[in-house]
Amino acid sequence: QGAVKRQALYACSTCTPPGAEPAGICLACSYECHGTHRLFELYTKRNFRCDCGNSKFKNLQCKLFPEKGKVNSGNKYNDNFYGLYCTCKRPYPDPEDEIPDEMIQCIVCEDWFHGRHLGAVPPESGDFHEMVCQACMKRCHFLWAYAPQLAVFLLVGMYLPVPPLTKANSLEEEGIVLKVEESEEQKKEIKKESGVEHHDTKEEKQSEQFNEPSTSSGYCSKFLQKFPMEIAETTSEFSSGWYYIIVCKLKELQSKPFVKKDTATFWPSNWRSKLCTCEDCLKMYSDLEVQFLTDECDTVLAYENKGTSDQETERRDPLMDTLNSMNRVQQVELICEYNDLKTELTDYLRRFADEGTVVKREDIQHFFEEFQSRKRRRTNRMQYYCS
């Protein structure tokens, strides 16, 4: 399927030991192709395509999808693929580490870190949903402008006091809307200049119209009445008599005092939706290769919720649906057969569990062949009840 948006991954130290090229395999290949190998669990990573059987595996062909490209150039690798994590480059669990400490995954680089190696004491696990590590905060320095408003803090005095943003009037958060009655020539001139200046003769009328509801969508800021106009985007447009001034939310926050620290930051569940999505910011995300930050579906929480939803959909019992369409005699016969199948299959699978081996497709096929053979022998005998 190509690069999967988010999936559970493993690294096989049997096939790719230290010194070899790093490689990642999907959950299905960890069962089918590497069932007896030593694996590192990598949990989930984004935009990754399974490497199993490609050029990184010298003597292994993927059993599920043999025809693979030699390399997956879009994949990103780090020390996790060798079973090492955090800035201390230690395994997890670490037999030599006697300090109890949880590991937290950075949502940018997707490495895992000990809580004590983040430069800040992590909040209680229920108080935040995502973390950005120290190195990624340096690379994505724009996040410090959002931190005083959005991040979860524990360190007193870590940031300069920042007064909360307030709206001058009741406008939508997504943009500034000014009602104007310009002539067609004035409209053309303003559009041509792509500016944010307004005619003196209209200033008083415009200020009276600030309480008009906005019909805009897709714009990205709150409005401050005396906000410096030099931070406004030089983009404007007319629509049904309304004049829109687009203000970059990031520039608005950067005009307020904030302090950068050499620490990780912790963020609540809905913080991504508050990031600016103006044209300049989207370009910045692309340049930094962090476009996923504006995607709510990229989060591990969204991935887990999707898995839970899929499981609930699959929980409908097909046996009950079938029983409801049968008469009484057929129902009794089906239940008896079902109980026989359940008992024999449970006993068969218990042997694999006791031995710690993986159940493969051919094992299941063998079981059902044997089961059908025993069933035929039973039905060939004389029946001693009325049908």
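Of the heavy-atom accessible surface of the stretch 1-82 (probe 1.4 angstrom), what whole percent is carbon and sulfur?
Details: 2250 of 4410 Å².
The value for the stretch 1-82 is 51 percent carbon and sulfur by accessible area.
To the nearest 10 square angstrom, what accessible area does residue 266 show with a 1.4 Å probe?
Roll a 1.4 Å probe over it and residue 266 shows about 10 Å².
Suppose accessible area is computed on protein heavy atoms with a 1.4 Å probe; arrange 373, 73, 255 from highest to lowest.
Numbers: 373 35, 73 115, 255 60 Å².
Putting 373, 73, 255 in descending order of accessible area: 73, 255, 373.
Of all the accessible heavy-atom surface of the stretch 318-375, with the other protein chains kept in place and a 1.4 Å probe, what percent is carbon and sulfur? Walk me through the numbers on the way to the answer.
Numbers: 2310 of 4370 Å².
Carbon and sulfur atoms account for 53 percent of the accessible area of the stretch 318-375.
Using θ = phi - 60° and the Karplus relation 6.51 cos²θ - 1.76 cosθ + 1.60, list the HN-Hα couplings for the stretch 254-264 in order, rounded to whole Hz, with x at every Gly or Pro.
For the stretch 254-264, the Karplus-derived couplings read 5, 6, 8, x, 8, 10, 8, 10, 8, 9, 7 Hz, x marking Gly and Pro.
Tell me, what is the 1.4 Å probe accessible area of residue 14, in Å² to the nearest 10?
My reading of the accessible area for residue 14 is about 80 Å².
Using a probe radius of 1.4 Å on heavy atoms only, what accessible surface per residue do you get for the stretch 1-82? Whole Å² is fine. Could the numbers behind the result be given before it?
Details: 4410 Å² over 82 residues.
Ligands and nucleic acids excluded, the figure is 54 Å² per residue.
The values are calculated or read from the model by the stated rules, or taken from the named source; none is laboratory data. Remember, it's a predicted structure, so these values are computed and weren't measured experimentally. Ligands, DNA and RNA are excluded from the accessible area calculation, which covers all protein heavy atoms including side chains. Shrake-Rupley method; radii C 1.70, N 1.55, O 1.52, S 1.80 Å.
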